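Reading through the structure tokens given below for one structure.
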Amino acid sequence: MKFRYVAATALPLALVTGCSSTEGPVDAPAAQTASQDPGAHPPGRSGGQETEASRAPKGDYLGVYMEGKYKNKPVQQAKFSKQKFGRKPTIAKFFHAWPSGFPTSWAKTAYKAGALPQMEIEPHGAGTIEAIAAGRSDEYIRAYAQQVKAAGVPISISFAHEMNGYWYDWGTKKTKAGTFVKAWRRMHDLFAEEGATDVKWLWTPNVVYPMPKVKLKQYYPGNAYVDWVGVIGYYRNNQKSSTFKWIFDPTIKQIKKFSKKPILLAETGVQTGPGRDKKITDLLTTVAKRKDIIGIIWFNMDKRKAEKADYRLEANKSSVKTFRSLVTKYSFGRP
């Protein structure tokens, strides 16, 4: 089995709430280069405390996002996942917009259910990233950090995901890479100053093929500010290829030139259509066999209205069977 560390107890599949993320079109403009030192160290300690209660599961992390009646309900989702897919979640993921408060009750419930609470903070709003970088949001960040500390459970934080795309307020069209880095570091440092250190910081770029000219290094806050890299990518029927090698490898190879941090596929799925079970097998088998990748979060979503794509496993009986056989074979999630 792979060994890796994280902030959480015996962790189950990833529950998520309200992500609007997608891989964007292919014509994104190149982002401006940021001047930074990837090895710079913050005034506080990076990452969560490694305690007996914060060790990772024996196998890979597994998350399954479902909407509707399971949204924001870690216990119910864990039960559903166990019944349907044979494994329980090991990460619980919560999407919320800036400047919402920390969902303390949800985080405690998720942790008690055996899942590492992962917060996906989306800083929507013109000028939000610039305000954070300039210190104009310090009061909110400190209050949030204090709530995290008071909750008393380990968490993971992802901030402004898919920053290398252009479809979000914090993306390449509206935010310079250097501003993103400065905002990330400031937020991290304020958490450290408030003593909210039982946190895994998850940096989450989109796979690079939709934006081949946008280099990832300029968006990297530095090894002292990042604990995990959360790559986002999907198997889609309109792509040139639908293999792990084509979708993820170029991104991972680029990242490894400046970071050796563990990689989590923070959003992934396989669209319904020809060869779906083969693609599911390609995804899970590859992740299970690679020591540099610590798991996945499967977005079990019906996105036929927004993208004309359906990623729900239960859309095909054979897909449920294939998924279940592989996550149990390779010990994803928790029994």
**Message:** Looking at region 166-177, I want the residues that are touching a residue at least 24 places away in the same chain (Cβ under 8 Å) and have a partner that is open to solvent by 30 Å² or more (accessible area, probe 1.4 Å) and of a type in the set (Phe, Trp, Tyr) with Cβ atoms under 8 Å, at least 6 apart or on another chain. Which pairs are those?
**Reply:** THR172/TYR166; LYS173/TYR166
**Request:** Scan region 199-232 for residues that are part of a loop (DSSP other than H, G, I, E, B), at negative phi and not charged (D, E, K, R) and report the count.
**Result:** 13
**Request:** For residues that are outside any helix (DSSP H, G or I) and buried (at least 23 other Cβ atoms within 10 Å of the Cβ), tally how many sit in region 132-156.
**Result:** 3
**Prompt:** Across region 77-122, which residue is most open to solvent (accessible area, probe 1.4 Å) among those that are of a type outside the set (A, V, I, L, M, F, W, C) and in a strand (DSSP E or B)?
**Reply:** LYS88
**Prompt:** Being closer than 16 Å to SER158 by Cβ, assigned to a loop (DSSP other than H, G, I, E, B) and touching a strand residue (DSSP E or B) at 6+ places or on another chain (Cβ under 7 Å), is that true of even one residue in region 64-76?
**Reply:** no
**Prompt:** LEU326: in a helix (DSSP H, G or I), touching a Ser or Thr at 6+ places or on another chain (Cβ under 8 Å), open to solvent by less than 50 Å² (accessible area, probe 1.4 Å) and over 28 Å from TRP170 (Cα atoms), yes or no?
**Reply:** yes
**Prompt:** Here are some residues: SER105, SER81. Which one is at pLDDT below 90 and farther than 30 Å from THR172 by Cβ?
**Reply:** SER81
**Message:** Could you check region 262-279 and list, in sequence order, the residues that are assigned to a strand (DSSP E or B) and of a type outside the set (A, V, I, L, M, F, W, C)?
**Reply:** GLU267, THR268
**Asked** Tell me, which residue of region 242-279 that is open to solvent by less than 30 Å² (accessible area, probe 1.4 Å) and small (Gly, Ala, Ser) is nearest to PHE94 (Cα to Cα)?
**Response** ALA266
**Prompt:** Do you know which of the residues in region 43-73 that are crowded, with 24+ Cβ neighbours inside 10 Å and either of a type in the set (D, E, K, R) or at pLDDT 85 or above (or both) is nearest to the chain's Cα centre (by Cα)?
**Reply:** GLY63
**Request:** Determine, yes or no, whether SER259 is free of Cβ contacts under 8 Å to residues at least 12 places away in the same chain and in a loop (DSSP other than H, G, I, E, B).
**Result:** no
**Prompt:** Among the residues of region 159-177, is any assigned to a helix (DSSP H, G or I) and either under 26 Å from THR268 (Cβ atoms) or modelled with pLDDT of 95 or more (or both)?
**Reply:** yes
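The values are calculated or read from the model by the stated rules, or taken from the named source; none is laboratory data. Note that this is a predicted model, so its numbers are computed, not measured. Glycine gets a Cβ as well: all are built from the backbone with ideal geometry, and neighbour counts include every protein chain shown. The accessibility values were calculated without ligands, DNA or RNA, using every heavy atom of the protein model including side chains. Shrake-Rupley method; radii C 1.70, N 1.55, O 1.52, S 1.80 Å.
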